[in-house]
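Beneath this line is the structure, given in structure tokens, with notes to follow.
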Amino acid sequence: MNDARRRKNRSADPAAAPGFAARALAAEMIESVLRRRHAFDDEMNSGAAQAALAGLEERDRALTRALAATVLRRLGTLRHLIGTLLERGLPAKAPRVETALLLGAAQILFFDVPDHAAVDLSVRLARADRQAVHFAALVNAVLRRVAREGAERLAALDTVMLDTPPWLMARWIAAYGETTARAIAAANGHEPALDLTVKSNPERWAAQLAGRVLPTGSVRTAAPGAVTALPGFTEGAWWVQDAAAALPARLLGNVAGMRIADLCAAPGGKAAQLAAAGADLTAVDRAPARLARLRENLSRLHLDAAIVCTEVEKWDAEPFDAVLVDPPCSSTGTIRRHPDVPWLKNATDIEKLAALQRRLIDRAIALTKPAGTIVYCTCSLEPEEGEAIVAALLTRTDDVRRVPITAAEVFGRDEWLTADGDLRTLPCHLPDADSRFAGLDGFYAARLTKR
């Protein structure tokens, strides 16, 4: 075969273009979330995805995740914009057409990618799919219009409202007021930096990782590259944990020598905190795969804990000095880091999860000694999974009472405390001129003592 024919065949093969593999994998991740309703992180960590990522250069591995996450983070805006450019809507039987358009538009509007490359690679995505191949010309035409008109159209949109599903925005407005709800949604629109809980000397690790020490003591860094390649990872000097997620375990105070149960413990950030503080810790979770990750993390960190794989509701043990319970929740406080959450959850999920949370907080109380401490927490912004759970508990039983959290315990941040003395952080807290270093997860925590 001569050189001219080889060049012609490579041009005809959609997958032959540089950068196509990263876009194709990002497309698979997007469709796993939107069509098959799988969690984004689960898909990215699956064996198939990891094998595909291993075949890419490091730059393309990072780009794959960034592309998919940005499409999910800006999904409402991208769908609205694309919809205004489609006279007849999307073809019903070719889902890869929408995915190709979303990826192309995201690159044109939010990435430093040449417009022609973004258009060409999305057209190739369409051509590589047997159902979408007939719409490659449509993908080309729409994305060329995005390249010409997209920036101006984008500037005229209320992207804060578009990128939050209406059912969720309505809930936040009801709970926090419209101004705060919009601030939460705006914070969710930015890719966050990496938060680390360090064993000691946070100033040293902040300097080494080109980051900063937050008021909470966590280290926040925007250092590039894989987490496993960062200084301090291999020797177990720190672990990844959002600054807000590091607060509930601290509400137990000095835990050295205390018998403590961490219920629903995986993947293990709070367990690592308690073990590092000298607790005699038992970590309980029902998911073997998640517990395997917890076990790996503790091993890397050179920390010890008893690990129990069982249903928390059915587990029985000698009562503990203190119990931390972080039950499954809607995770709406973590949208900054998990942009798939708004598109996977709905109000019905919240109702079902609240029922489970009520059962688990009751179990936590049963596992606590008299005069012992219980900390209940969730990474949800929904009052039904936080304030309402504790209010209902205190109404139906006299077995526990609330121990209000003081501002001094949360680094002087009065705005993080409710009128009842519970913890309530919001994604719009900790503002910063650099959006990468702003915000923290939305978390609720209440501290109780058993009578």
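The values are calculated or read from the model by the stated rules, or taken from the named source; none is laboratory data. Everything numeric in this text was worked out from a predicted model, so none of it was measured. Methodologically, a virtual Cβ is constructed for each residue, glycine included, from the backbone with ideal geometry; neighbour enumeration extends over all protein chains shown.
Before moving on, here are some points about what is shown:
- Pair list, Cβ under 6 Å, 6 or more apart: region 187-204 residue under 20 Å from residue 250 (Cα atoms), other residue charged (D, E, K, R): 195/220; 195/242
- Residue list for region 433-445, filter: modelled with pLDDT under 95 and either aliphatic (A, V, I, L, M) or in a loop (DSSP other than H, G, I, E, B) (or both): 433, 434
- Only one of the numbered conditions (1) surrounded by fewer than 21 Cβ atoms within 10 Å (Cβ to Cβ); (2) not in a loop (DSSP other than H, G, I, E, B) is violated by residue 90, and that is (2).
- Tally of residues being part of a helix (DSSP H, G or I), within 19 Å of residue 262 (Cβ to Cβ) and not aliphatic (A, V, I, L, M) across region 360-384: 2
A quick yes/no check of all residues on (1) surrounded by 15 or more Cβ atoms within 10 Å (Cβ to Cβ); (2) closer than 27 Å to residue 338 by Cα; (3) out of contact with any strand residue (DSSP E or B) (no Cβ under 9 Å at 6 or more places or on another chain); (4) modelled with pLDDT of 95 or more:
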| site | (1), (2), (3), (4) |
| --- | --- |
| 137 | no, no, yes, yes |
| 166 | no, yes, yes, yes |
| 175 | yes, yes, yes, yes |
| 183 | yes, yes, yes, yes |
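- Selection within region 195-216 - in contact with a Pro (Cβ under 6 Å, 6 or more places away or on another chain) and part of a strand (DSSP E or B): 213
- Complete set of residues in region 27-85 that are surrounded by fewer than 19 Cβ atoms within 10 Å (Cβ to Cβ), of a type in the set (S, T, N, Q) and either at pLDDT 95 or above or assigned to a helix (DSSP H, G or I) (or both): 50, 84
- Of the listed requirements (1) in contact (Cβ under 8 Å) with a residue 60 or more places away in the chain; (2) in a helix (DSSP H, G or I); (3) of a type in the set (S, T, N, Q), residue 164 misses just one: (2).
- Check on residue 385, surrounded by fewer than 21 Cβ atoms within 10 Å (Cβ to Cβ) and under 28 Å from residue 189 (Cβ atoms): no
- Screening residue 157 with (1) closer than 30 Å to residue 302 by Cα; (2) at pLDDT 95 or above gives one miss only, at (1).
- Selection over region 220-247 of residues that are over 18 Å from the mean Cα position of the chain (by Cα) and either modelled with pLDDT of 95 or more or within 30 Å of residue 414 (Cβ to Cβ) (or both) gives a count of 9.
- Strands (runs of 3 or more DSSP E) enclosed by region 280-345 - at least 3 residues per element that are touching a residue at least 60 places away in the same chain (Cβ under 8 Å): 320-325
- Lone qualifier among 144, 171 - being under 25 Å from residue 242 (Cβ atoms) and outside the structural domain of residue 380 (by TED's automatic domain parsing): 171
- Boolean, residue 336 is touching a strand residue (DSSP E or B) at 6+ places or on another chain (Cβ under 7 Å) and more than 29 Å from residue 449 (Cα to Cα): no
- Residues located in region 387-423, provided they are part of a loop (DSSP other than H, G, I, E, B), touching a strand residue (DSSP E or B) at 6+ places or on another chain (Cβ under 7 Å) and touching a residue at least 60 places away in the same chain (Cβ under 8 Å): 405
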